[in-house]
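Please read the structure below before turning to the comments.
The values are calculated or read from the model by the stated rules, or taken from the named source; none is laboratory data. No experiment lies behind these values; they were computed from the predicted model shown. All Cβ positions, even for glycine, are placed from backbone atoms using ideal geometry, and neighbour counts span all protein chains on display.
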Amino acid sequence: MSEHDHDHPPITDGDEPAAAARVRALEELLVAKGTVRREDVRQMIDWLVSRSPADGARLVARAWIDPEFKERLLGDARAAALELGLDPGPSPVVMAVENTPAVHHMVVCTLCSCYPRALLGPPPDWYKSLSYRSRAVSDPRGVLSEFGVELNDNVELRVLDSTADIRYLVIPIRPAGTQEMNEEQLAALVTRDAMIGLAQPVATTPAPVH
Amino acid sequence: MLGYDRQMERAVHDRGGWPVDAAIDRSEHELADWELLTDALVGALNREGVMNVDELRRGIESMPPDEYERASYYERWLYSLETVLTEKGMLEPGELDRRLGG
Amino acid sequence: MRYRVGERVRVAARAHEGHHRTPGYLKGKTGTIERAHASFPNPETRAYGGDGLPEQPLYLVGFVQRDVWYGYQGRASDRIYADVFEHWLEEAQ
């Protein structure tokens, strides 16, 4: 058993790895055989590149200002996303979990890389890495520390391993000093990492305009 | 280092608690075109009912362990695509290599 | 659904040939039913071209980290959760 602390970059020959030419040839083959249609692949690419954490941030910001929406979000995040006109993605169940001063959640997929991509965009490389998949479950406080998150001793840390079809989204704690902010301003504070549980939003003051 | 249950045999993809010495590499990269294409191809095949996500995962898990650990994320997906599609008779063995002139 | 929220359950310490979604680090460990999800197609058969039917009940099961990891470096109240299928669970003794 070898120990690897990070995923390797693709084995390259020139600018692109061998896999690049290989998958292009595979697509051509499959299109030629009628197994898949090029338009469908293109549409899928368009969908993938359209995904970003902005949608997840909208859910969080709305939950911060509207307690009844938050309850609906906690009850059924898929339905709550649809309510805001967002695409919750193909997963049959999306669950939002709420961070509080007493409880902090963190999400991982130890077996592969399951992630609420429709609402957060593509997962970061580290989320898919062998080292995160290993340590997020066995040493979560160590991982949080590396990410600059220090939890108080009295905070219960809950790690969620996405082992099945359910996707998890973390509702981070609304930072102090944001009472005057509107929903759009609040959404801008919510980062991708915060919705995985690896960061805590902070109130940022806008740079002065000269 | 943290102990973990050595009595339970693990497949290479089953990483929870696997011994790791180094800090997590937090560098990120934009997905290359070929990586997006691989992702989209899997998605399109799934939508067509040709290959589902469980088959994708199973194909990835069938990689020889050293290859799994050496491969990049989407190289694993590509391996799975080739394996499962060949198994389903949608690809002839060696057909892709011949197309590439290999 | 066989188990209820709050019930103590043990994850089967079973070696399984082929695709399954029960992580090794939880096999043989005892936890508590946190949530009863709906039933879902069985990935163990879907992974080999089957339709995954009949659907299998799925649960969110919570474990105390110190019960899972020898030498766990964290708080006694830290927990870990995973979605586990009913056929991987047994009543805890």
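For the stretch C:12-29, state whether one or more residues are assigned to a strand (DSSP E or B), under 14 Å from the mean Cα position of the chain (by Cα) and in contact (Cβ under 8 Å) with a residue 24 or more places away in the chain. No; the residues of the stretch C:12-29 include none that is assigned to a strand (DSSP E or B), under 14 Å from the mean Cα position of the chain (by Cα) and in contact (Cβ under 8 Å) with a residue 24 or more places away in the chain.
Report yes if residue A:204 is among the polar types (S, T, N, Q) and closer than 16 Å to residue C:79 by Cα, otherwise no. For residue A:204, the condition - among the polar types (S, T, N, Q) and closer than 16 Å to residue C:79 by Cα - is not met. Within the stretch B:80-95, the set of residues being at the interface with chain A (Cβ under 9 Å from one of its Cβ atoms) and either over 15 Å from the mean Cα position of the chain (by Cα) or not charged (D, E, K, R) (or both) comprises B:81, B:85, B:90, B:91, B:95. Picking from residues in the stretch B:66-102 that are of a type in the set (Asp, Glu) and closer than 22 Å to residue B:30 by Cα, the one that is surrounded by the fewest Cβ atoms within 10 Å (Cβ to Cβ) is B:69.
Tell me, please, whether a residue that is over 22 Å from residue A:130 (Cβ atoms), of a type in the set (S, T, N, Q) and either surrounded by 16 or more Cβ atoms within 10 Å (Cβ to Cβ) or free of Cβ contacts under 8 Å to residues at least 12 places away in the same chain (or both) can be found in the stretch B:22-29. No, because not a single residue in the stretch B:22-29 is over 22 Å from residue A:130 (Cβ atoms), of a type in the set (S, T, N, Q) and either surrounded by 16 or more Cβ atoms within 10 Å (Cβ to Cβ) or free of Cβ contacts under 8 Å to residues at least 12 places away in the same chain (or both).
Given the criterion more than 12 Å from chain A (Cβ to nearest Cβ), at pLDDT 95 or above and closer than 30 Å to residue B:49 by Cβ, identify the matching residue among C:3, C:48. Just one listed residue meets the conditions, C:48.
Of all residues in the stretch A:128-161, those that are more than 7 Å from every other protein chain (Cβ to nearest Cβ) and closer than 16 Å to residue A:112 by Cβ total 1. Residue C:75 meets the conditions (1) more than 20 Å from residue B:56 (Cα to Cα); (2) out of contact with any Asp or Glu (no Cβ under 8 Å at 6 or more places or on another chain) in every case but one. The failed one is (2). If you go through the stretch B:46-74 and keep only what is without any contact (Cβ under 8 Å) to a residue 40 or more places away in the chain, within 28 Å of residue A:52 (Cα to Cα), facing chain A (nearest Cβ under 9 Å) and over 9 Å from the mean Cα position of the chain (by Cα), you end up with B:46, B:47, B:48, B:53. Is it the case that some residue within the stretch A:192-206 is closer than 25 Å to residue B:11 by Cα and touching a strand residue (DSSP E or B) at 6+ places or on another chain (Cβ under 8 Å)? No, there is no match, as no residue in the stretch A:192-206 is closer than 25 Å to residue B:11 by Cα and touching a strand residue (DSSP E or B) at 6+ places or on another chain (Cβ under 8 Å).
Here is a yes/no grid of residues against (1) surrounded by fewer than 17 Cβ atoms within 10 Å (Cβ to Cβ); (2) at the interface with another protein chain (Cβ under 9 Å from one of its Cβ atoms):
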position	(1), (2)
C:16	yes, no
C:19	no, yes
C:28	yes, yes
C:67	yes, no
C:75	no, yes
C:89	no, no
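Only residues that are of a type outside the set (Val, Ile, Thr) and in contact with a strand residue (DSSP E or B) (Cβ under 6 Å, 6 or more places away or on another chain) were counted across the stretch A:132-161, and they come to 8.
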